Each structure stands twice: as structure tokens, then as C-alpha cells.
Amino acid sequence: MSEADTAKYQNEITIRNIREEDIEEVVKVANLSFGLPGVAFEAKHYRSHINIFPEGQFCVEYGGKIIGACSSIIINFEDYGEDHTIDQISGNGYIQNHNPSGKNLYGLDVVVHPDYRKLKIGRRLYEERRKLCRKFNLKSILFGGRMPNYYKYADKLTPEEYVNQVIKKKIYDPVIVFQTMNGFKFKKVLTNYLPDDKASLENATLMEWVNEDYVPPSDRDYRHSLPVRISSIQYDYKEVRSFEEFAKQCEYYVRSSSKVRSDFVLLPEALTMQLAAFSNERFPSGQAQKVTTYTEDYLQLFSDLALKYSINIIAGSHYVEEDNEIYNVSYLFRRNGTFNRQYKLHVPPSEKSWLGIRPGNDVKVFDTDCGKIAILIGYDILFPELARKAADQGAQIIFTPFAEENEQGYLRIRYCSQARAIENQVYTAISGASGNMTNVTLADARYGQSGIFSPVDFSFPNAGVVAESRPNVEAVVVGDVDLETLRKNRKTGSATPFRDKIQTQKPESTSIV
């Protein structure tokens, strides 16, 4: 399937700073989001926001239209204290009190078009604020949040009692639950905060997220860490009777990874061979051919899941037919709606003889919102030159979806993945499968143990193992990797093989011993 053929599945979510020409559309979204007259900022306010602090004003664009936005201001919170109103903190909506030398980022609003709330737009905007907070080395993010269900309980509970009941999960309030799920801590109730908010009875919750990377300005040499969370899936092969059953299983793993706020989820090689379980094909190459007919469904499924759960998905690999040839292809589905693909470059004897798989041409490095990555499918991780080429092009994480029948095959993948991490001073992650499907060739037995690996040095986990599963047990393996630690290790580690590698020599200077 060509790039042109796959373009229809890419409906990109873009988060960017608000521009002058966006303001009218942002105002419409804000009014739809609040659903209350007099609460949303007006065009004149947003115009002042982007003139005074353009970096703090974000919008979300999807399908050519704006579907969400948020506004922020930098202040010294101690100048206002814990008893303030939205008008006081926002300079009557114009943010002329914005203080570039302040220590706190204050969120003024988050608005999402009601028709697009399932795409985690609010969560994406919160993440942009966190990035902004780290970028400016600010101490925390604060805001006054609505309590839209409080009016139902006002005759029984004080605002403080209501919030505590929501936090204890005794009462449901969509806004408070969303904010606490996104890492914000309740500090106190603000009274008379938003005069036109009748549902909250003009109350608001003062919420705060503390920037763990904040360093007092006196430390000039500090550079912020860049943590990335990876979920590597120990996938359980089960008999499925339809594409819908397959999709539900995949969504379960993606949803589980999103719940722990992973940036990437990695699924195993030949993931879609599970679909051959309900085909009438029994000849191996016929099963692979049958699986290729689900390419459009596969692309649509993972494009939707990446958007819905706001997570980057390396969706294992899938057999794709192009020009009457079949290739083993791994796709990176970004959480902004775009995707890229990596072809398997070295075809092992089993795939070559049983399935007739053809090799791809080159290793690629992909930009993501969490650094540069590469994908080496299964057998490809055994060839050190591929990982070296990816690292030379800037890859910081190498993902390897694999499919192996026995422990020996798995150990080759694991040991080579760890070797690539050490040689190139990169992080690597592998994802395999457990279970079996007796009527599917090359899936009738699976040996898997998924893991995340690092270079071996004092800055990294013992033995270079960030996280790993037990063999052949369904699991979601979660680990955090720090790209700033990686950068420093390449420069000042106990061993620096990436820096010290021998450069390719010209033919005339080659010596034979």
C-alpha cells in the first residue's frame, strides 16, 4: 500500500500556539465548551493573550478545524495568595499582569468542543502546559477549576466536603475527577471565583501540579530531564472469530498503557497473524495473503486508538501486499494522527520459505514528541550495522517487535537487543507474544519475554534492565527512560562506545592483517 493510499487514514491532531486568525473559532469552541453565557473569554481577551504571552496560548487543530484551546499566564502566585478571583489572577481577562520573571504558570481556561471529547483533547492540552512549565523552569502549574455538579449537593455539603467526597470517589464530578487523574492536587476551595458559574455556585477548586524538574535559578548548569514512559506488551495469542474481537484485545492493551500515562506502547511482530485463526486457509502463504486483506482495517484501528488514547503506538508488524509481493511492515502510529512505517530488512528462513516474505530496503529514524526512534523488526536486531546506522541518525530508542517459537530464538533477540543498547548507548525495547494458535502457521507456538533495556553504567538500572516480564505470561511491562541521562552518558559515561566507534575507512587506507 503506497503513501498516497494510506493518506486517508492520517487525520492529524496538531497542537500549536493560537494565532490571530484562530481567535474567532477559539471563541466559538469556548462558548460551546462551557455552555454558560458570560463565562468564556471574548475575542478581545484572546487577542490580548497572544500579544502579551503567545507561548502560553495553545489550540488543537483536527481535520482542518480548531476543537480545543487553553490560555495561561506566568505569575508569582505568592503575590495573589490562596484567596483570589479569576478576574484578579487574569488581569480582568487581558493578562496585562503577566510576569515573565514569575515562578508559577497559571491556567486560565481549557476548552474542548463537545463533539471531540473522546480524543483526550483536555489531557493533550495539560501535557502542553507541563512542557511549557518545564521549558520555562517554573515551580508549578495552578488554576481554579469548576465544580459543575456541586449545585446538586449544595443543600447537604459544604464545597470542601463536596470536593473531598469526589476525591474519595463517593460522588462523581467530571471536572475534578479529570484534573486529579491528570496529576493535580487539591489545595483549597476558592469562593466567589467565577461569578457566572451558577452550577459551581461561584466556587472553584484551587489545583496544583508541582514541576519535579524545577531548579532555583541559581543553578545555571542544570538541564531538565526528558523522561519517556514505555509499555512493552507481552501479548497473549488467543483464538479470535472476527476482526472486532482482535480489535478489542488490542484496545485493551492500548487502554491499559494509556492509563499509566505511557508515551509509547509496543506490540509484537506478526500481530495480525491472529486474524488467520478464523480463515479457511491452511497453507502458510495463503494465511499470510489472507491477513494482507485486513490492511485498511488495521490502519484505521490503530490510527483511531492512537488518537483516542493519546499514545504513540508501535503496532507490532503486519503483512502488507505491494505489487504482488508481501512485506513484513511495522507501523508507528503517532498520537497526533500521523503514521510512518518500517519494512523488515532481513527475512529469516522460516518467513522466506513458508510465507514468501520480501525484504525492505533501508532503516528509518522517526521523529516523535518524545525523541527520535527506530524500529528493527525481530531478526533485524541481530544485525549491528542497522542499529548503528539508526543511532548515527539520532535514534535514542530502538523498538523491536518480535515473534519466536522457542527460548533459543527469544534469547537471540534479547541478547542482541541488550548489545545494541550498550554499543550505541540507546534504550531498546522488545515485545513478544505468549500462547498459541494451533491452526496458524508460525503462530502455533510462541515463546515471549518482553523487556526494556538501557546501556550498562552507573546512571542506569542494574544489569541494564529497566523492566521485564516473566516468560510466556500475559503482561504490560512499563518502564521510564530518561533521554537526558542518555545524552550525558554518551559524553561522560564510564565507557563511551558510541563516541569512540571506529569510523568507516576509505578503501585505500584499508589494511589486511
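The values are calculated or read from the model by the stated rules, or taken from the named source; none is laboratory data. Quick caveat, the model's predicted, so the values are computed rather than measured. All Cβ positions, glycine included, derive from the backbone under ideal geometry; neighbour counts span all protein chains shown. Side chains included, ligands, DNA and RNA excluded: accessible areas come from the protein's heavy atoms. Shrake-Rupley method; radii C 1.70, N 1.55, O 1.52, S 1.80 Å.
Sequence-distant contacts, meaning Cα pairs under 8 Å at least 6 residues apart, place the relative contact order of region 146-265 at 22 percent. Taking a ≥ b ≥ c as the square roots of the eigenvalues of the alpha-carbon gyration tensor, region 1-114 is classed prolate because a/c is 1.5 or more and a/b outweighs b/c. Full extension of the chain segment joining N51 with D155 gains 33.1 nm, where the gain is 0.36 nm per residue of separation less the Cα-Cα distance. Taking amide H as placed 1.01 Å from N in the peptide plane, E405 has its amide H under 5 Å from the amide H of Y447, each at least 5 places away in sequence or on another chain.
Couplings for region 156-164, taken from phi via the Karplus curve 6.51 cos²θ - 1.76 cosθ + 1.60 with θ = phi - 60°, read 10, 10, 6, x, 5, 5, 4, 4, 4 Hz in order; Gly and Pro are left as x. Computed on protein heavy atoms with a 1.4 Å probe, the accessible areas place T428, T338 in the order T338, T428, largest first.
Strictly over 24 Å apart at the Cα level, which of K389/K488; K44/K188; K135/K168; K65/K135; K28/K185; K44/K308 would you flag in this model? Over 24 Å apart, Cα to Cα: K44/K188; K135/K168; K65/K135; K28/K185; K44/K308. For the pair K501 and A43, the difference between a 0.36 nm per residue extended length and the Cα-Cα distance amounts to 159.2 nm. Take the Cβ-Cβ distance between F283 and T438 as r, set R0 to 22 Å, and report the resulting FRET efficiency rounded to the nearest 0.05. Plugging the Cβ-Cβ distance into 1/(1 + (r/R0)^6) gives 0.90. Label region 168-263 by shape, choosing from rounded, prolate and oblate, from the square roots a ≥ b ≥ c of the eigenvalues of the Cα gyration tensor; if a/c is under 1.5 it is rounded, and otherwise prolate applies when a/b is larger than b/c, oblate when it is not. Cα axes put region 168-263 in the oblate bin. Checking the a/c ratio against 1.5 first, then a/b against b/c, what shape does the Cα gyration tensor give for region 101-152? Oblate. Evaluating 6.51 cos²θ - 1.76 cosθ + 1.60 at θ = phi - 60° for every residue in region 231-241, the Karplus couplings come out as 10, 9, 9, 8, 6, 9, 5, 10, 5, 10, 10 Hz, glycine and proline recorded as x. Taking θ as phi - 60°, what are the ³J(HN,Hα) couplings along region 370-380 by the Karplus curve (6.51, -1.76, 1.60), each to the nearest whole Hz, with x for Gly and Pro? Once rounded to whole Hz, the list reads 10, x, 9, 10, 9, 10, 10, 7, x, 3, 4.
Using 0.36 nm per residue and subtracting the Cα-Cα separation, the extra length available between Y415 and N192 on full extension is 74.1 nm.
Take every pair of alpha-carbon atoms less than 8 Å apart whose residues are at least six positions apart; their mean separation over the length of region 1-150 yields a relative contact order of 23 percent.
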